[in-house]
Amino acid sequence: MKNLMILTSFLALAGCKTEAQKLKISTVYAKPERVEREVPETGSVHTFTTLKEVTVRLEPGIFMLAKNKETLKFRIQGNIYSAGHTIHRVTKIRFEKGEQNGNSITLKYYVKIKKNSGKESAEVRGYNYTKDETYRIPDDVKLIKIELYEDRTNDPSDAHPKLIAQKTFNFFATI
């Protein structure tokens with residue numbers, strides 16, 4: 001019984017720490033909508049059904065959440081399109097630390113997108129993703145550049161990752 005309590009306490013503490021940096025994925029949904037349009041040549045009204053997105057797509061970006069002397073907390077967000085006869089899924093976001101040049105450093109994040117065969121549901125139009133990150137700032141760094149790339153793992157037409165967002169945080173003291 002004592003070992004079970006210790007294990008439960010350990011798992012609860014471990015879960016609290018990792019929850020802040022967990023990748024969150026939400027679905028972009030669409031719903032059917034009736035639309036009427038007038039045909040200019042004949043003057044008749046044509047009625048048809050189309051799909052209208054009801055979930056807001058997140059713009060790809062990097063946003064500062066908090067900053068203190070030692071750490072920078074920021075959010076990475078974006079969306080991918082997934083509909084029709086192929087399913088695109090975000091599997092993970094990979095971090096790659098760039099080189100430090102003097103008092104600046106570049107951090108690179110790669111969104112791994114995997115293409116699966118199959119058919120996406122008619123109401124699904126894609127996926128939004130967000131991830132909160134914490135970076136410990138070295139003492140001599142005053143300029144942090146963060147780049148976000150899309151890396152489509154099994155798509156031969158996209159051999160190189162595509163830059164979709166970048167942000168520079170300048171921590172030089174202003175007078």
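The values are calculated or read from the model by the stated rules, or taken from the named source; none is laboratory data. Predicted, not measured: the structure shown is a model, and the values here were computed from it. Glycine also receives a Cβ, built like all others from the backbone with ideal geometry; neighbour counts cover every protein chain displayed. Note: areas computed on protein heavy atoms with side chains; ligands, DNA, RNA excluded. Shrake-Rupley method; radii C 1.70, N 1.55, O 1.52, S 1.80 Å.
Quick notes on this one:
- Residue match in the range 150-162 (condition: modelled with pLDDT of 90 or more and in contact with a Leu (Cβ under 8 Å, 6 or more places away or on another chain)): no
- The requirement of being hydrophobic (A, V, I, L, M, F, W, C), within 25 Å of GLU150 (Cβ to Cβ), in contact with a His (Cβ under 9 Å, 6 or more places away or on another chain) and modelled with pLDDT of 90 or more is satisfied by ILE80.
- LYS92 touching a Ser or Thr at 6+ places or on another chain (Cβ under 6 Å), part of a strand (DSSP E or B) and open to solvent by 70 Å² or more (accessible area, probe 1.4 Å): no
- Positions within the range 136-151 being touching a residue at least 60 places away in the same chain (Cβ under 8 Å) and either basic (Lys, Arg) or more than 30 Å from THR50 (Cβ to Cβ) (or both), in sequence order: ARG136, ILE137, ILE144, ILE146, LEU148
- Test: residue in the range 115-135 that is closer than 29 Å to THR50 by Cβ, assigned to a strand (DSSP E or B), open to solvent by 20 Å² or more (accessible area, probe 1.4 Å) and touching a Gly at 6+ places or on another chain (Cβ under 9 Å): yes
- Within the range 35-69, the residues that satisfy the criterion of being assigned to a loop (DSSP other than H, G, I, E, B) and either more than 30 Å from VAL141 (Cβ to Cβ) or open to solvent by 80 Å² or more (accessible area, probe 1.4 Å) (or both) are VAL39, PRO40, GLU41, THR42, GLY43, SER44, VAL54, THR55, VAL56, ARG57, GLU59, LYS69.
- Any hit, the range 139-152, residues being open to solvent by 40 Å² or more (accessible area, probe 1.4 Å) and among the acidic types (Asp, Glu): yes
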